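Undergrad: Following this message is one structure expressed as structure tokens.
The values are calculated or read from the model by the stated rules, or taken from the named source; none is laboratory data. Keep in mind that this is a model prediction, so the values were computed, not measured. Cβ placement follows ideal geometry from the backbone for every residue including glycine, while neighbour counts extend to all protein chains displayed.
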Amino acid sequence: MLDQITELFMQYGIWGLFGMAFLDSFISPIPPFFMQIAMSLLDPGSALRFATVAFTASILGAPIGFLLGKWLGKPLLHKLLPEKWVVVATAKFAKNGDAAVLIGAFTPIPFKVFTVLSGVFNYSLTKLMLFAIVGRGLKFFLIGTLFYLYGKHAKVLLDEYLEVSLLAAAALVAVGWFIWNKRRKRYA
């Protein structure tokens, strides 16, 4: 099914990639990075252009996910979960929301999870957008740069090292965020 949906979007080329990345920010179950890889494999010389399109669309869709979470998320949460769980989740997101959004924007977890939860838990839209730009930029441009530099061989690198690379990069982003947050609190 994943392949069929990706093929449907692939028929529209770069606009299909834009649509998939845009929808990934708030509703689509399929991350656009599979399509970005497929398109970059076919045309490695355009890999950075594909990264730019996916990045831009993803960032443009983030506020929609935020608004969906703000408008529909709380009522749904209150119907599905006990009140005490909602209170605990809200407190946890308030305390660690920066790290969740920053790391989540970079990992293979669907981005909509973080945009919608940001709205549900009244996270700052400005921070969501800032961390989305950093995390999504790293993710899309890392893949684009690999294909641009290594061509079709980048697929082999991704197949062998993608999970380890993403986890290592997410760990570096988390450490950077932790240091930045500690310094910010010290000087505040």
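Undergrad: Restricting attention to region 123-143, report how many residues are surrounded by fewer than 17 Cβ atoms within 10 Å (Cβ to Cβ) and not in a helix (DSSP H, G or I).
TA: Of the residues in region 123-143, 1 are surrounded by fewer than 17 Cβ atoms within 10 Å (Cβ to Cβ) and not in a helix (DSSP H, G or I).
Undergrad: Further question: Would you point out the residue of region 1-57, among those that are β-branched (V, I, T) and closer than 14 Å to K139 by Cα, that is surrounded by the most Cβ atoms within 10 Å (Cβ to Cβ)?
TA: Residue satisfying both the conditions and the ranking: V53.
Undergrad: Something else: Do any helices (runs of 4 or more DSSP H) lying entirely in region 1-83 carry at least 2 residues that are in contact (Cβ under 8 Å) with a residue 12 or more places away in the chain and farther than 23 Å from M129 by Cβ, and which ones are they?
TA: Counting at least 2 such residues, we get 2-10, 13-24, 33-42.
Undergrad: Which of (1) modelled with pLDDT under 85; (2) touching a Pro at 6+ places or on another chain (Cβ under 7 Å) does Y148 not meet, given it meets every other one?
TA: (1)
Undergrad: Here is a further query. Can we say V101 is modelled with pLDDT under 80, among the β-branched types (V, I, T) and at negative phi?
TA: Spelling it out, V101 is indeed modelled with pLDDT under 80, among the β-branched types (V, I, T) and at negative phi.
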